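Colleague: Right, I'll just put the structure down here and ask away after.
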Amino acid sequence: MNSLFKTCSALAAATVFLAACGGGNDDDPTPSNEPGVLTVTSATVDGLNGVYGNGALNLTDVEKHNPIGSVPELCAFRFDGANKVGSSATAFGDIRYRPDATGLFQAFLTFDGKEYASGEASDTSVNRDSDQVRFSGKTLTATDGSNATLRVTGIVPMRPNRPAGC
């Protein structure tokens, strides 16, 4: 009986610890029924060109963040599960936009382990009515200082249950 009590106490403590540290919430993308596809062209890194997304993407909920300081209020979500067609490479990303904006504020997309980003709204659109973010030949630059670039065209879905303005 004492052993059972210790086991239950340990499980309860672990649950409290995980909840306090952010474990067990929806921070990680989960399966959706929404298809998404990204086509990479003009990549300066060999092997990155191609189509990523051969089915439904995994998504987090869109959350609204209002940080203290000079960063504006943002809507943000993440995705993964964009597998490259005919390859073992994958893509995932972190997408951020201002409430009621029609373009992205920032996008961080990783293709086959290399992160690319943009902080400009050009060549992007946030289509709330169709629950999608669209890239139209958007040039992204590697975040590792290598100046590698690529162009992205495609659609990333958003979950429909978003905060106001998102």
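Colleague: Could we say that Ala56 is surrounded by 14 or more Cβ atoms within 10 Å (Cβ to Cβ), touching a His at 6+ places or on another chain (Cβ under 7 Å) and either part of a strand (DSSP E or B) or without any contact (Cβ under 8 Å) to a residue 24 or more places away in the chain (or both) here? Full working, then the answer.
Modeller: On the way: surrounded by 14 or more Cβ atoms within 10 Å (Cβ to Cβ): yes; touching a His at 6+ places or on another chain (Cβ under 7 Å): no; either part of a strand (DSSP E or B) or without any contact (Cβ under 8 Å) to a residue 24 or more places away in the chain (or both): yes.
Criteria not met by Ala56.
Colleague: Return the total of residues in segment 59-78 being assigned to a loop (DSSP other than H, G, I, E, B) and either in contact with a His (Cβ under 8 Å, 6 or more places away or on another chain) or at pLDDT 95 or above (or both). Steps first, please.
Modeller: Quick first cut of segment 59-78, residues assigned to a loop (DSSP other than H, G, I, E, B) only: 60-62, 66-73.
Subsequent filtering for residues that are either in contact with a His (Cβ under 8 Å, 6 or more places away or on another chain) or at pLDDT 95 or above (or both) retains 60-62, 73.
Within segment 59-78, residues that are assigned to a loop (DSSP other than H, G, I, E, B) and either in contact with a His (Cβ under 8 Å, 6 or more places away or on another chain) or at pLDDT 95 or above (or both) number 4.
Listed here are the residues, each with its yes/no results for (1) farther than 20 Å from Gly50 by Cβ; (2) surrounded by fewer than 20 Cβ atoms within 10 Å (Cβ to Cβ); (3) touching a Lys or Arg at 6+ places or on another chain (Cβ under 6 Å); (4) among the basic types (Lys, Arg).
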| residue | (1), (2), (3), (4) |
| --- | --- |
| Lys84 | no, no, no, yes |
| Gly93 | no, no, no, no |
| Glu120 | yes, yes, no, no |
| Pro163 | yes, yes, yes, no |
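Colleague: Separate question: Take the residues of segment 30-53 that are in a strand (DSSP E or B) and among the β-branched types (Val, Ile, Thr): which is farthest from Gly113 (Cα to Cα)? Spell out how you get there, then give the answer.
Modeller: Here is the first cut: in segment 30-53, the residues in a strand (DSSP E or B) are 30-41, 50-53.
Then keep just the ones that are among the β-branched types (Val, Ile, Thr); that gives 30, 37, 39-41, 51.
Numbers: Thr30: 20, Val37: 18, Thr39: 16, Val40: 14, Thr41: 17, Val51: 16 Å.
Per the criteria, the residue is Thr30.
The values are calculated or read from the model by the stated rules, or taken from the named source; none is laboratory data. Computed from a predicted model, the values in this text were never measured in an experiment. Every residue, glycine among them, receives a Cβ derived from its backbone with ideal geometry; neighbour counts consider all protein chains shown.
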